[in-house]
Amino acid sequence: MTTPPLPPGHDVRRLTAADLPALHRLHEAVRDALPDPAMFRLFGGAEKFLADHLDARGRSLGVFADGDLVAYGSLTRPAAGDVDNYAVDMGWTPARAGRVALLSAAMVDPSHRAQGLHRVLIARRMELARALGAPELLVRAAPANAVSRRTLLSHGFAVAWLGVQREGSLRHVLWRPIDAPAWTPPAAGEPAIAWAAADDLAEQQRLLREGWLGVRMRKGDSALGFARSAAAQP
């Protein structure tokens, strides 16, 4: 996958402790703009999460516009049994859960949205995970966040789990291998797609339990389309 270009005047780099004050200001701006703060939660609280992802538990990338931090993305390398390891929520074996990388948080300043910055951070974190040797990726999104879900699906992720995670958040968990999309449509003919309304969480959970993956969204609404696959199962 080709990394999308940054807008003029923007650059991306790995963050350090010197960036923490700007990170906290960005987090506050993003949180204050949300209709529901529960849509975006940093595990353990913002102060601990942001500091831990400057090396202790992962890496952080920032997009800067004329020197100001305007977007952020973190990559977590969790231990197999960590409470915030999405692989454990999905029922993966410890061996598999211990190798995964998580695209664990992303945020874009409200005044800098619709410029493709989230897409840049997804692609750059995938490159980072590959360089670190992670064979699979997981990322989560609130079921109500259709924009984030559509963006992740376009990067080859698929919805593989839905439920309340051990840390208490209701989330979709999306999965993909590092070197290939989670699902590829057949070369010939239309794939069999089962559609579930965006707010029909019970139907989505039923399809996931039966081995389907959420792989598409319709253009006109937020319904989620599922295709048969057992690839993400432990």
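Accessible area per residue (1.4 Å probe, heavy atoms of protein chains only) ranks TRP195, TRP183 as TRP195, TRP183, with the largest value leading. Computed about its Cα centre, the charge dipole of the chain is approximately 500 debye, with only Lys, Arg, Asp and Glu carrying charge at their Cβ. In the range 145-234, the ratio of gyration radius to Kirkwood radius, Rg to Rh, stands at 0.94 when only Cα atoms are counted.
Grab the Cα-Cα distance for ILE178 and ASP11, subtract it from 0.36 nm times how many residues apart they are, and report the gain in nm with one decimal. Before the final figure, lay out each step's value.
Values: separation 167, 0.36 × 167 = 60.12 nm, distance 2.43 nm.
Value of the extension gain: 57.7 nm.
Give me the percent relative contact order of the chain, please, defined on Cα pairs under 8 angstrom at least 6 residues apart. Taking the mean separation of contacting Cα pairs over the length of the chain, I get 16 percent.
Centroid-to-centroid, using Cα positions, the range 10-51 and the range 172-234 are 30 Å apart. To put it simply, the accessible area of the range 9-59 at a 1.4 Å probe is 53 percent carbon and sulfur. In this structure the chain gives 45 Å² per residue of accessible area when probed at 1.4 Å with all protein chains present.
For the chain, count all C-alpha to C-alpha pairs, find those more than 31 Å apart, and express that count as a whole percent of the total. If you can, show how the numbers build up before the last one.
Numbers: 5008 of 27261 pairs.
I get 18 percent for the Cα pairs in the chain exceeding 31 Å.
Using a 1.4 angstrom probe on heavy atoms only, work out the carbon and sulfur share of the accessible area of the range 130-234 in %. Reported share for carbon and sulfur atoms: 54 percent. Among ASP52, ASP82, ASP66, whose mean-square fluctuation peaks in a Gaussian network model of the chain (Cα, cutoff 10 Å)? Most flexible of the set in this elastic network: ASP66.
Since only PRO35, LEU121, PHE64 are under comparison, the one whose Cα sits farthest along the positive direction of the charge dipole of the chain, derived from C-beta charges on Lys, Arg, Asp and Glu, is LEU121.
The values are calculated or read from the model by the stated rules, or taken from the named source; none is laboratory data. It should be emphasised that the depicted structure is a prediction, and the values quoted were computed from it without experimental measurement. Ideal geometry is used to build each Cβ from the backbone, glycine not excepted, and the neighbour counts take in all protein chains shown. Surface areas here come from the heavy atoms of the whole protein model, side chains and all, with no ligands, DNA or RNA. Shrake-Rupley method; radii C 1.70, N 1.55, O 1.52, S 1.80 Å.
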